[in-house]
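Beneath this line is the structure, given in structure tokens, with notes to follow.
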Amino acid sequence: MEFRQLEIFAAVVETGSFSRAGERMFVSQPTVTMQVKALEDELAQQLLERSSQGVRVTAAGQRVYDYASSVLRERESLLAEFGRSDPETSHVSVAVSSVPAHYLLPQLISAFRKRHPGVQFHVLFCNSSETGRALLDQRAQVGLCGSIAFLDGCEYRPVAKDRLLVITPNDERYSALEPGAPFPDALLFSEPMVVRESGSGTRREFEDWLRKRTGRAELNIAAVMSNFQTIKNAVTAGTGIAVMSEWAAADYIRSGYVLGFPLEGMPPRDLCLVRRKKAKLLGLVKEFYDFMLDTAPGLLMSQPST
């Protein structure tokens, strides 16, 4: 059993695909298949089941994945501690929710790779609630999320500000509302609404604010969508109104596809850097964490112009 076999097997489990694992590890798909088969032969166990829906991890495979994850982390930590971590083969895994995934992380990765051109980033897309869970489950080393989920075992460090807006179709009915004025509370209940999934930080914060403000949070939901680009398109098409990050909505508001209205009394929210409290960050992971802590506020110093 070799470290490379464990790395490739872990990549298959994490990506759910032999081909995507090959892309991550910079090897061909046949090489991935060969290495997984060699591991299965050595252990005399089937670790993965392939189907038209993708790759399913067997019970034995889950045990091997947990072991591989632990061994690879310990190996990386040991190398980093003794200054032997190779920047050309080192990787940093980041769990990230929608808004920072689109408007913060790409800039951070680009800037950091100018210092360390060989580092590889493995990005796990989650909603805000799942970001902390991914760290606790040790599927990622650090995280960025759009709201604080307050999971025990996680430390949240605010690094930038955002605010939630109501976006509406740009039609005669909504254009009649006073520009820049808060969106009427009554319309939040009566208008059809396109919302994020229940684990979304955006949806949770909006519903918490609405419940505190009005004592209720029952919405007229027209559709539930996990992608804010799809939500913006749905609002543009007239499906309903939506509440979303100003960062996410800014381009459609500037282009006139939708109208944007503030929510009265809704405070700005923090985009947060997340780490496991008990995790000892070493090497490039620690350097990237510190880099994000120092750099992110400057990247998002002001609210987007809408």
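When each of the peptides 229-239, 161-171, 49-59 is scored by the mean number of other C-beta atoms lying within 10 Å of its residues, the order from highest to lowest reads 161-171, 229-239, 49-59.
If both residues of a DSSP beta bridge must be in the chain, then about 65% of such bridges are antiparallel. When each of the peptides 183-189, 267-273 is scored by how many other beta carbons lie within 10 Å of its residues on average, the order from highest to lowest is 267-273, 183-189. Dividing the helix sum by the residues of the chain, where each DSSP H run of 4 or more adds -39500 (n - 2.57), gives a mean residue ellipticity at 222 nm of -14500 deg cm²/dmol. Couplings 3J(HN,Hα) of region 210-216, computed from phi: 5, 5, 5, 7, 10, x, 8 Hz, in residue order, whole Hz [Karplus 6.51 cos²θ - 1.76 cosθ + 1.60, θ = phi - 60°; x for Gly and Pro]. Given their separation in residues at 0.36 nm each and the Cα-Cα distance between them, residue 264 and residue 278 gain 1.1 nm when the chain is fully extended.
Relative to the longest principal axis of the Cα atoms of the chain, the long axis of helix 246-255 lies at roughly 60 degrees. Relative contact order for the chain: 21 percent, from Cα pairs under 8 Å spaced at least 6 residues apart, divided by residue count. Can you check what the net charge comes to around residue 225, using other residues whose Cβ is under 14 Å from the Cβ of residue 225 (Lys, Arg +1; Asp, Glu -1)? Summing Lys and Arg as +1 and Asp and Glu as -1 gives +2. Residues of region 193-213 falling in the label zone of residue 224, defined by backbone nitrogen less than 15 Å from a point 7 Å along Cα to beta-carbon, are 193-204, 207. Rounded to the nearest 10 degrees, the inclination of helix 105-115 to the longest alpha-carbon principal axis of the chain is 40 degrees. For a paramagnetic label modelled at 7 Å from the Cα of residue 175 toward its Cβ, which residues of region 233-276 fall within the zone defined by backbone nitrogen distances under 17 Å? Only 236-238, 253-261 fall inside the zone, counting backbone N under 17 Å.
Estimated at 0.36 nm per residue, the fully extended path between residue 121 and residue 214 surpasses their Cα-Cα distance by 29.1 nm. Helix 59-81 axis versus longest C-alpha principal axis of the chain: approximately 90°, rounded to the nearest ten.
Accessible area per residue (1.4 Å probe, heavy atoms of protein chains only) ranks 252, 67, 103 as 67, 103, 252, with the largest value leading.
To put it simply, the accessible area of region 1-125 at a 1.4 Å probe is 51 percent carbon and sulfur. Computed from the alpha carbon positions, the gyration tensor of the chain leads to an equivalent ellipsoid with semi-axes of 41, 22, 17 Å, biggest first.
The values are calculated or read from the model by the stated rules, or taken from the named source; none is laboratory data. The model shown is predicted, which means the values in this text are computed figures rather than measured ones. All Cβ positions, even for glycine, are placed from backbone atoms using ideal geometry, and neighbour counts span all protein chains on display. Just so you know, the surface numbers come from the protein's heavy atoms only, side chains and all, with ligands and any DNA or RNA stripped out. Shrake-Rupley method; radii C 1.70, N 1.55, O 1.52, S 1.80 Å.
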